[in-house]
1. Got at least one residue in segment 156-164 being over 16 Å from SER80 (Cβ atoms) and free of Cβ contacts under 8 Å to residues at least 40 places away in the same chain?
2. Condition first: in contact with a helix residue (DSSP H, G or I) (Cβ under 9 Å, 6 or more places away or on another chain), among the hydroxyl-bearing types (Ser, Thr, Tyr) and closer than 23 Å to ALA206 by Cα. Can you find one or more residues in segment 84-104 that meet it?
3. Here are ARG50, ARG95: which of them is within 18 Å of the chain's Cα centre (by Cα) and of a type in the set (Lys, Arg)?
4. Enumerate the strands (runs of 3 or more DSSP E) found wholly within segment 1-91, keeping only those where 2 or more residues are of a type in the set (Phe, Trp, Tyr) and modelled with pLDDT of 85 or more.
5. Would you mention how many residues in segment 60-76 are surrounded by 20 or more Cβ atoms within 10 Å (Cβ to Cβ) and free of Cβ contacts under 8 Å to residues at least 60 places away in the same chain?
6. Looking at segment 166-193 only, could you name the residues that are buried (at least 20 other Cβ atoms within 10 Å of the Cβ), outside any helix (DSSP H, G or I) and modelled with pLDDT of 65 or more?
Amino acid sequence: MKESILLLSLVMSAAFAGCTAAPVQSYPARPEARLALYARTKACCDDPSRFSYLPLPEHGFADAVVSRASPAFEFHSGLSPFAAFELPQISTPYRMRVKSLFDPGRGGETSVFYPVVALLDDTFIVLRMSGLDNLRLEPALATPGGETGVALTVPVDPAMENARYLIVFTPAAVLGAPPESRREGDLLTPAALAWLERRGDTAVPASPYGRLRITIAPEQPAAEAARTP
């Protein structure tokens, strides 16, 4: 993958229900300092039903930060800080773009939060999950006033599935902390393993923290999309 740097620009001011809320803080600029903080991180809750979900707009975008103050959870892919959101309660299909922005550090150092997403229903069962191989580099010029980052787009059709919640996290393997044993749904698919092998030592280092922008837009009907230049 190209040198794509992710930043979660959604300030996550809520922590977890049932967990001690910490004040929102920034995270260190140096990648090794971020990983040192991550190494001391503990899971906040043991069930997604205890997460605090921030509402997403029916149209437009939301910005947030996954920081040292954000909650963490022991996902199938390992421990990761995360951001959790409630999907808009609309009946028409829409597209949701999750973008993690480039995160330049001091002294020319950079690191990136490589995001994957999970869609949950109203009983907190996982309906769908993305992988590292779904990420694409998105230049700043792709959106007016935008920033360069890595992004994925998730189509949602409320008539086809009862998706209620969105969780954005990163696989622990990219942070050097994979689970002790392989687990079902741990994201270490053949495609993800090939991606990890390809990135080698030349890719931007992974970060447990970053900035996110989540954009919600209505799905264009096929006929309308065909007419759009």
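The values are calculated or read from the model by the stated rules, or taken from the named source; none is laboratory data. Keep in mind the model is a prediction, meaning the values are calculated, not measured. Counting neighbours? That spans all protein chains shown, and the Cβs are built from the backbone with ideal geometry, glycine included.
1. There is at least one residue in segment 156-164 that is over 16 Å from SER80 (Cβ atoms) and free of Cβ contacts under 8 Å to residues at least 40 places away in the same chain.
2. No, every residue in segment 84-104 fails to be in contact with a helix residue (DSSP H, G or I) (Cβ under 9 Å, 6 or more places away or on another chain), among the hydroxyl-bearing types (Ser, Thr, Tyr) and closer than 23 Å to ALA206 by Cα.
3. Numbers: ARG50 fails: within 18 Å of the chain's Cα centre (by Cα).
Every option except ARG95 fails the conditions.
4. By residue number, 72-75.
5. Of the residues in segment 60-76, 2 are surrounded by 20 or more Cβ atoms within 10 Å (Cβ to Cβ) and free of Cβ contacts under 8 Å to residues at least 60 places away in the same chain.
6. Matches in segment 166-193: LEU166, ILE167, VAL168, PHE169, THR170, PRO171.
Rundown of residues vs (1) in contact (Cβ under 8 Å) with a residue 40 or more places away in the chain; (2) over 16 Å from ARG164 (Cβ atoms); (3) surrounded by fewer than 17 Cβ atoms within 10 Å (Cβ to Cβ); (4) of a type in the set (D, E, K, R), yes/no style:
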residue: LEU37; (1), (2), (3), (4): yes, yes, yes, no
residue: ARG40; (1), (2), (3), (4): no, yes, yes, yes
residue: CYS45; (1), (2), (3), (4): no, yes, no, no
residue: LEU56; (1), (2), (3), (4): yes, no, no, no
residue: GLU86; (1), (2), (3), (4): yes, no, yes, yes
residue: ILE90; (1), (2), (3), (4): yes, no, yes, no
residue: ASP103; (1), (2), (3), (4): yes, yes, no, yes
residue: SER111; (1), (2), (3), (4): yes, yes, no, no
residue: LEU120; (1), (2), (3), (4): yes, no, no, no
